[in-house]
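**Student:** A single structure is presented below for examination.
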Amino acid sequence: MTIQKMDSRTTDVVRKLLEKGLPSILEEHGLSFKLGNARYDDDGVKFTGFRISVSGALSESEKALKQELDWRNSYGVKLDSSKIASIQGTDYSLVGFRPRASKKPFIIKKVGTDNEYLIDEKTVERFFAKGEK
């Protein structure tokens, strides 16, 4: 299949091609990749957030969470990233932090799924504070 013009359908095709072919090439060198959102025009596509990492490396949000937890352990309310919190009867774990987000900077993940949600600082302190149950 030769692509003559870029649109939303062909952008999806390009994403699938990259996700199919690139991992085998990168795995040989101990690397992995992640594609972000795509922007396209008639002539091409650009994936924002395209990142190649050492296999097993922390994501940017996981690194930011580690830095935030280290800072909080020194100066603020201590949070426990290993804690599983039950929020409205559903279990969640703390998985990431978005340092530039002012309203909902913390990322939680529903246990047993890949579903991630954003929460505010007050909520994370309520459910993930160290020593709390």
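The values are calculated or read from the model by the stated rules, or taken from the named source; none is laboratory data. As the structure is a computational prediction, the values presented were derived from the model and not from experiment. Don't worry about glycine lacking a Cβ; one is built from the backbone with ideal geometry, like all the others, and counts go over all protein chains shown.
**Student:** Could you tell me which of the residues LEU31, LEU17, LEU26 is closer than 30 Å to PHE106 by Cα and either exposed (fewer than 10 other Cβ atoms within 10 Å of the Cβ) or without any contact (Cβ under 8 Å) to a residue 60 or more places away in the chain (or both)?
**Tutor:** Residue meeting the stated conditions: LEU31.
**Student:** Here's something else I'd like to know. Can you name the condition, by its number, that SER32 falls short on among (1) over 30 Å from GLU125 (Cα atoms); (2) among the hydroxyl-bearing types (Ser, Thr, Tyr); (3) at pLDDT 90 or above?
**Tutor:** Here SER32 clears every test but (3).
**Student:** Just one of LYS109, LYS122, LYS104 is free of Cβ contacts under 8 Å to residues at least 24 places away in the same chain and surrounded by 16 or more Cβ atoms within 10 Å (Cβ to Cβ); which is it?
**Tutor:** Only one candidate passes the filter, namely LYS109.
**Student:** Separate question: Which one is farthest from LEU58 (Cα to Cα) among residues in the range 76-98 that are assigned to a loop (DSSP other than H, G, I, E, B) and in contact with a Ser or Thr (Cβ under 9 Å, 6 or more places away or on another chain)?
**Tutor:** LYS83
**Student:** Select, from LYS122, LYS103, the only residue that is out of contact with any strand residue (DSSP E or B) (no Cβ under 8 Å at 6 or more places or on another chain) and assigned to a helix (DSSP H, G or I).
**Tutor:** The conditions single out LYS122.
**Student:** Still on this structure, I have one more. May I ask you to list the residues in the range 106-119 that are assigned to a loop (DSSP other than H, G, I, E, B) and closer than 13 Å to THR90 by Cα?
**Tutor:** VAL111, GLY112, THR113, ASN115
**Student:** Right, another one. Answer with yes or no whether SER102 is closer than 29 Å to ARG39 by Cα, more than 16 Å from the chain's Cα centre (by Cα) and not hydrophobic (A, V, I, L, M, F, W, C).
**Tutor:** Judged against the criteria, SER102 is a match.
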